[in-house]
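The values are calculated or read from the model by the stated rules, or taken from the named source; none is laboratory data. This one's a predicted model, so the numbers in the text were calculated from it and none came from an experiment. Neighbour counts are summed over all protein chains in view; Cβ atoms, including those assigned to glycine, are modelled from backbone coordinates with ideal geometry. Ligands, DNA and RNA are excluded from the accessible area calculation, which covers all protein heavy atoms including side chains. Shrake-Rupley method; radii C 1.70, N 1.55, O 1.52, S 1.80 Å.
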Amino acid sequence: MHTQADSLQYDISASSSPSADLWNEDLAPARAEDKTWTWQSISGLWVGMVVCVPTYMMAAGLVAEGMSWWQAILTVLLGNIIVLVPMIAIGHAGTKHGIPFPVLLRSSFGTAGAKLPAMLRGLVACGWFGIQTWVGGSAIYIIVNIMTDNAIAGSVIGFLGIDMGQLVCFLLFWAMHVVFIAYGTESIRWLETYAAPFLIAMGLALLGWAYIKAGGFGEMLSTPSQFIAGGAREGQFWSVFWPGLTAMVGYWATLALNIPDFTRFARSQKDQFVGQALGLPLPMALFAFIGVAVTSATVVIYGRAIWDPVELTSQMGGVAVVIALIALILATLTTNLAANVVAPANGFSNLSPSKISFKMGGYLTAGIGIAIMPWKLLESTSAYIFTWLIGYSALLGPVAGIMVADYFVIRKTRLNHHALFRNDGEYSYRNGWNPVALIALVIGVLPNLPGFLHVAGFVDSVPTVFQEIYTYAWFVGLAIAAGVYLLLMHNSMKTPE
């Protein structure tokens, strides 16, 4: 049964006089003709994001902490099954109402308040965009030097701290992103869909190469867990498993928020559900396994474990270098475009819809990617920066909890499309801000704050209980924020019929 809001989905600009500071064509509900994404498109999107250097190396930390290869892969799989739940839940709103993440936030945070969590999510993506662009440019630089006997290596340029070859490779890879930003979201869908089979094939080819070259995968896959009786870390499995699981969930905590940016173009709920269910957990586990298995083989082939695929490529030589270069560029490009461009582009657009379009938001994101000079961040404070970025799961978990609680419990999946784009509607709350959402966000974040400050190095020690809570940061923040939001909302407003 269609609600009034559903019937108004495609004619907001014409019939309801939306507020100029809340509406533009890119933020408006997707039209029927825009809903072209099949489950294969959604799955391709996920495969394109999953196949990247960080995923390849994802199980490495768990193996280094003492897990056997299969324990590490199962932890990756379980973490992604867990994060799939809010991913599909929040994605439901995108498909049903055709609205992007910043607009959906208006229902819970208010028409003005939505800008806060949208930009928190967007700024994390800007940081990742710069870092991933530098990683991709570095791969080009390293491999071109291998093929040309260091022809593009040179002296460092003054204040930049990198040589001309590094700068050119970085800007070249950056420019590839700008091209797809210029052509919009549909071009990103096209790239993700057609790149997915190639990326899977490359991963399997690498696995086959390692198996043949090493005559098997080597000792790593036969090495038992260090947590078994008599092992180096006997009885400590759970102390490693829970932080590891939280990290696996936190890896996609950002996309769990802005997944409506993509599912708004899905043909149906079945397409978004099946596409995400097939495209996220199993490919993540498969690619993590490829990373572990190939690294295990490198111990036999090269006499040491090589976790970094860029370094591994440099060792392979021959035509494999060219193929690997193409695969690395494509893998990083597909991940970066979908995961780190769309969210900030929509977030910037939401700040001033009448002046900033999706493309302009994308160009701003790309500009910030250069301005932050990501090579300097990684050079001086690598672990520190990644601590900040990973720590955002403690902040983004509460946002996800508030969104799910509002959409499914308070709104019962119904939204007033007219009010989402007006400053005098039901989502305007108090001057555009919903104080209940802000209170729930703060209360959801607070229990994780001491643990984060300790991990980030701001304080030397905190009570053990806060260290334990931070171990489950995303889960704790989501549950507390959702509970507080529901309690306060039921007390402050009448639940919509």
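Taking the longest Cα principal axis of the chain as reference, the axis of helix 237-251 is set at about 60 degrees. Using the Cβ-Cβ distance between GLN315 and SER17 with R0 set to 60 Å, the FRET efficiency works out to roughly 0.45. Within the full protein context, the accessible area of LYS35 is estimated at about 30 Å² for a probe radius of 1.4 Å.
Once backbone amide H atoms are built at 1.01 Å from N, ASP163 has ILE157 as its partners under 5 Å, excluding neighbours fewer than 5 places away on the same chain.
Evaluating 6.51 cos²θ - 1.76 cosθ + 1.60 at θ = phi - 60° for every residue in region 29-34, the Karplus couplings come out as x, 4, 7, 4, 6, 7 Hz, glycine and proline recorded as x. Rounded, prolate or oblate, given the Cα gyration tensor of region 317-375, with a/c below 1.5 counting as rounded? Verdict is prolate for region 317-375. Residues in region 184-267 average 45 Å² of solvent-accessible surface per residue, probe 1.4 Å, ligands and nucleic acids excluded.
Could you please state how large a percent of the accessible area of the chain is carbon and sulfur, counting protein chains only and using a 1.4 Å probe? Mind showing how you got there, number by number?
Values: 13230 of 19820 Å².
Whole-percent figure for carbon plus sulfur exposure: 67.
Return the long-range amide H neighbours of TRP433 (sequence gap of 5 or more, or a different chain), with a cut-off of under 5 Å between placed amide H atoms. Answer set, sorted by chain and number: ALA112, GLY113.
Evaluating 6.51 cos²θ - 1.76 cosθ + 1.60 at θ = phi - 60° for every residue in region 184-194, the Karplus couplings come out as x, 4, 5, 5, 5, 4, 4, 4, 4, 5, 7 Hz, glycine and proline recorded as x.
What the phi angles of region 116-126 give under the Karplus curve with 6.51, -1.76 and 1.60, with θ = phi - 60°, is a coupling list of 5, x, 4, 6, 4, 5, x, 5, 4, 5, 4 Hz, glycine and proline written as x.
Is the C-alpha gyration tensor of region 71-183 telling us rounded, prolate or oblate? Criteria: a/c under 1.5 is rounded; beyond that, a/b larger than b/c is prolate, otherwise oblate. If you can, show how the numbers build up before the last one.
Details: a/c = 2.91, a/b = 1.86, b/c = 1.56.
Here region 71-183 falls in the prolate category.
Taking the C-alpha atoms only, the angle from helix 342-351 to the longest principal axis of the chain is near 30 degrees.
Helix 374-391 versus the longest principal axis of the chain: what angle, 0 to 90°, nearest 10, using Cα atoms? Between helix and principal axis, roughly 60 degrees. Which of the three applies to region 196-293, rounded, prolate or oblate, going by the alpha-carbon gyration tensor with a ≥ b ≥ c and a/c under 1.5 meaning rounded? Oblate is the answer for region 196-293, as a/c is 1.5 or above yet b/c matches or exceeds a/b. In this structure, the residue pairs whose Cα-Cα separation is over 19 Å, taken from LYS115/LYS412; LYS115/LYS355; LYS96/LYS355, are LYS115/LYS412; LYS96/LYS355.
In the chain, the DSSP-assigned H stretches of four residues or longer account for a calculated mean residue ellipticity at 222 nm of -22000 deg cm²/dmol, using -39500 (n - 2.57) per stretch and the full residue count as denominator.
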